[in-house]
Amino acid sequence: MQYRQVPKNGDLLSVLGFGAMRLPTKRGRIDEERAKNQIRSAIDAGINYIDTAFMYGESERILGQVLQDGYREKVKLATKLPPWHLQKPEDMETILNGQLKKLQTDHIDYYLLHALDSSTWKKFQDLGVFEFLEKARESGKIINIGFSFHGDRKTFKEIIDAYDWGFCQIQYNFLDEDIQAGKEGLQYAASKDIAVIIMEPLRGGVLTRKIPSEVAKIYNSADKKRSPAEWALRWVWNHPEVTVVLSGMNDEAHIAENIAASEDAFAGSLTPEELSMMNEIKNVYRKLMKVSCTGCSYCMPCPFGVNIPECFSFYNTYHMAGNRLVTRGMYGFRLMGAMGGTPSHASLCKNCGKCVSLCPQHIPIPGELKNVSKTLSGWRTKILLPLVKMMFSRKKLDDSA
Ligand code: SF4
Ligand code: SF4
């Protein structure tokens, strides 16, 4: 296993982090024994960064058990403070205390504000989040302070500049170089000595499931034979600004494959030929996308609040081997305000035309947004919204069950 250094504290973190969002299941419930074996063997193989969240179902409670018998001391543990359940400042401390109890630990090494965008960022600020974080750090309950991010680049830079963060977590993969924080955000954070943790390196499985034949042909022509997952992970590790790449792992073969790939995936280790092959693959995927949006955000902001690149990103994922039910749920959750954030979905488009001339890809944006709306804002998504809300609100602030 290789390790990369966190600039502000000198921690050496494994380049592969264990994402504990989707633990293995048996008959609809988490298979706790299998999860324990998977996580402990990954730690034995050198992984020392484990990521969970209040919102990941039973994950925190199970991790608390898995990390007994000396395993807690071998890892840096990351978990997240959800904005969705907060109504008053005291709720933040209630949640943190519940998390410490579930995780059976007296401190969280890496504590993140979960899923920042312009609206959750404002909510955290209005609640006085920094006062809470500083107090929690002084008391030793949390050590490093960071945030995970799903908003636009301008907001990302604003957040980066607003506080002395130790680390941040962004979505990044070879298809999403320009989506959300993107490469520019990655480099901006790194230039401020902020460690960058990467999520979605395989774009929720889009880059590894149902590989299009044209893409498979290119992979097969490479001198080195590697799986699509290994190529995608290596592409991310190739960036020197990246500290840890999180992989949500729940299959023994995938864990072994990812650990093996991480052994020699040094920054800058892909050859110019390999990088140009990845670029070729990206272009094939782009051609196969329903809307050839690169996520550049030149069309933003929309005066009516539509998050144009995110709408197209969900739409493309929906049509490209993404899990359709999950994609609908996430679209409802993130863009339709299922949890109370400001809605920014495609149906808000008023066809004002302001964005059209700004798009370098010449995408007929309002027309395509109508298609997104038909596909993702219809009754199938609407019936999911109460379920999403129920799932989230079922969690109590001090949930320690
Ligand atoms: S055409 Fe639609 S998406 Fe574009 S700026 Fe106007 S309202 Fe926003
Ligand atoms: S300007 Fe065009 S390519 Fe860029 S994000 Fe907007 S729709 Fe996508």
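Of everything in segment 180-206 that's within 16 Å of ligand 2 (Cβ to nearest atom) and touching a residue at least 60 places away in the same chain (Cβ under 8 Å), which residue is nearest to Leu16 (Cα to Cα)?
Step one: filter segment 180-206 for residues within 16 Å of ligand 2 (Cβ to nearest atom), giving 180-185.
From the residues that got through so far, the ones that are touching a residue at least 60 places away in the same chain (Cβ under 8 Å) too are 180, 182.
Details: Gln180: 22, Gly182: 20 Å.
Checking each candidate, the answer is Gly182.
Can you report the number of residues in segment 114-162 which are in a loop (DSSP other than H, G, I, E, B) and touching a residue at least 12 places away in the same chain (Cβ under 8 Å)? Let's see the steps before the verdict.
Keep residues of segment 114-162 that are in a loop (DSSP other than H, G, I, E, B), which gives 117, 127-128, 139-141, 150-152.
Those left that are additionally touching a residue at least 12 places away in the same chain (Cβ under 8 Å): 117, 127-128, 140-141, 150-152.
Count: 8.
One line per residue, one yes/no per condition, for (1) under 26 Å from Met1 (Cα atoms); (2) surrounded by fewer than 19 Cβ atoms within 10 Å (Cβ to Cβ):
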{"site": "Met199", "(1), (2)": "yes, no"}
{"site": "Gly204", "(1), (2)": "yes, no"}
{"site": "Leu207", "(1), (2)": "yes, no"}
{"site": "Ile218", "(1), (2)": "no, yes"}
{"site": "Ala222", "(1), (2)": "yes, yes"}
{"site": "Ala232", "(1), (2)": "yes, no"}
{"site": "Trp235", "(1), (2)": "yes, no"}
{"site": "Pro240", "(1), (2)": "yes, yes"}
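Restricting attention to segment 267-315, which residues are more than 14 Å from ligand 2 (Cβ to nearest atom), within 18 Å of Asp178 (Cα to Cα) and of a type in the set (Phe, Trp, Tyr)?
Once the filter is applied, which keeps residues that are more than 14 Å from ligand 2 (Cβ to nearest atom), within 18 Å of Asp178 (Cα to Cα) and of a type in the set (Phe, Trp, Tyr), segment 267-315 yields only Tyr285.
Collect the residues in segment 292-317 that are surrounded by fewer than 21 Cβ atoms within 10 Å (Cβ to Cβ) and either away from ligand 1 (no atom under 16 Å from the Cβ) or not assigned by TED's automatic domain parsing to the domain that holds Glu368 (or both), keeping them in residue-number order.
Ser292
Just one of (1) within 16 Å of ligand 1 (Cβ to nearest atom); (2) at pLDDT 90 or above trips up Asn283, so point out which.
(1)
On the basis of being within 21 Å of the chain's Cα centre (by Cα) and modelled with pLDDT of 95 or more, does Gly185 make the cut? Can you show your working first?
On the way: within 21 Å of the chain's Cα centre (by Cα): yes; modelled with pLDDT of 95 or more: yes.
Yes, satisfied.
Return yes or no: is Gly182 in contact with a Lys or Arg (Cβ under 7 Å, 6 or more places away or on another chain), in the same structural domain as Phe156 (by TED's automatic domain parsing) and not hydroxyl-bearing (Ser, Thr, Tyr)?
Numbers: in contact with a Lys or Arg (Cβ under 7 Å, 6 or more places away or on another chain): yes; in the same structural domain as Phe156 (by TED's automatic domain parsing): yes; not hydroxyl-bearing (Ser, Thr, Tyr): yes.
Spelling it out, Gly182 is indeed in contact with a Lys or Arg (Cβ under 7 Å, 6 or more places away or on another chain), in the same structural domain as Phe156 (by TED's automatic domain parsing) and not hydroxyl-bearing (Ser, Thr, Tyr).
Pick from Asn9, Asn48, Asn37: which is modelled with pLDDT of 95 or more and crowded, with 19+ Cβ neighbours inside 10 Å? Even if it seems obvious, please write down each step before you answer.
Working: Asn9 fails: crowded, with 19+ Cβ neighbours inside 10 Å; Asn37 fails: crowded, with 19+ Cβ neighbours inside 10 Å.
Just a single option satisfies the conditions, and that option is Asn48.
Tell me, yes or no, whether segment 340-356 has at least one residue that is at pLDDT below 85, of a type in the set (Gly, Ala, Ser) and either assigned by TED's automatic domain parsing to the domain that holds Cys299 or away from ligand 2 (no atom under 16 Å from the Cβ) (or both).
Scanning segment 340-356, I find at least one residue that is at pLDDT below 85, of a type in the set (Gly, Ala, Ser) and either assigned by TED's automatic domain parsing to the domain that holds Cys299 or away from ligand 2 (no atom under 16 Å from the Cβ) (or both), so the answer is yes.
Do any residues in segment 279-301 that are among the charged types (D, E, K, R) have Cβ atoms under 8 Å from those of residues that are within 11 Å of ligand 2 (Cβ to nearest atom) and outside any helix (DSSP H, G or I), where the two are at least six apart or on different chains, and which pairs are they?
These pairs meet every condition: Arg286/Ser292; Arg286/Thr294.
Scan Leu325, Leu335 and give me the residue that is in contact (Cβ under 8 Å) with a residue 12 or more places away in the chain and either β-branched (Val, Ile, Thr) or more than 16 Å from ligand 1 (Cβ to nearest atom) (or both). Steps first, please.
On the way: Leu335 fails: either β-branched (Val, Ile, Thr) or more than 16 Å from ligand 1 (Cβ to nearest atom) (or both).
Going through Leu325, Leu335 in turn, just one is in contact (Cβ under 8 Å) with a residue 12 or more places away in the chain and either β-branched (Val, Ile, Thr) or more than 16 Å from ligand 1 (Cβ to nearest atom) (or both): Leu325.
Tell me, yes or no, whether segment 163-179 has at least one residue that is part of a loop (DSSP other than H, G, I, E, B), within 16 Å of ligand 2 (Cβ to nearest atom) and either in contact with a Cys (Cβ under 8 Å, 6 or more places away or on another chain) or modelled with pLDDT of 95 or more (or both).
yes
List the strands (runs of 3 or more DSSP E) inside segment 1-80, counting only whole elements, that have at least 1 residues being outside the structural domain of Met330 (by TED's automatic domain parsing) and in contact with an Asp or Glu (Cβ under 6 Å, 6 or more places away or on another chain). Walk me through how you get there before you give the answer.
Values: elements: 3-5, 12-14, 16-19, 49-51.
Passing ranges, in order: 16-19.
Do you know which residues across segment 341-358 are more than 6 Å from ligand 1 (Cβ to nearest atom) and more than 26 Å from Leu116 (Cβ to Cβ)?
Filtering segment 341-358 down to residues more than 6 Å from ligand 1 (Cβ to nearest atom) leaves 341-348, 356-358.
Of everything in segment 341-358, those that are more than 6 Å from ligand 1 (Cβ to nearest atom) and more than 26 Å from Leu116 (Cβ to Cβ) turn out to be Val356, Ser357.
Do we have any residue at all in segment 126-140 that's of a type in the set (A, V, I, L, M), in contact with a strand residue (DSSP E or B) (Cβ under 6 Å, 6 or more places away or on another chain) and closer than 24 Å to Tyr71 by Cβ?
Step one: list which residues in segment 126-140 are of a type in the set (A, V, I, L, M), which gives 127, 129, 133, 136.
Okay, now just the ones that are also in contact with a strand residue (DSSP E or B) (Cβ under 6 Å, 6 or more places away or on another chain), so 133, 136.
Now narrow it down to the ones that are closer than 24 Å to Tyr71 by Cβ: 136.
Checking segment 126-140: at least one residue is of a type in the set (A, V, I, L, M), in contact with a strand residue (DSSP E or B) (Cβ under 6 Å, 6 or more places away or on another chain) and closer than 24 Å to Tyr71 by Cβ.
The values are calculated or read from the model by the stated rules, or taken from the named source; none is laboratory data. Please read all numbers here as calculations on a predicted model, not as lab measurements. Virtual Cβ from ideal backbone geometry, glycine too; neighbours counted across all protein chains shown.
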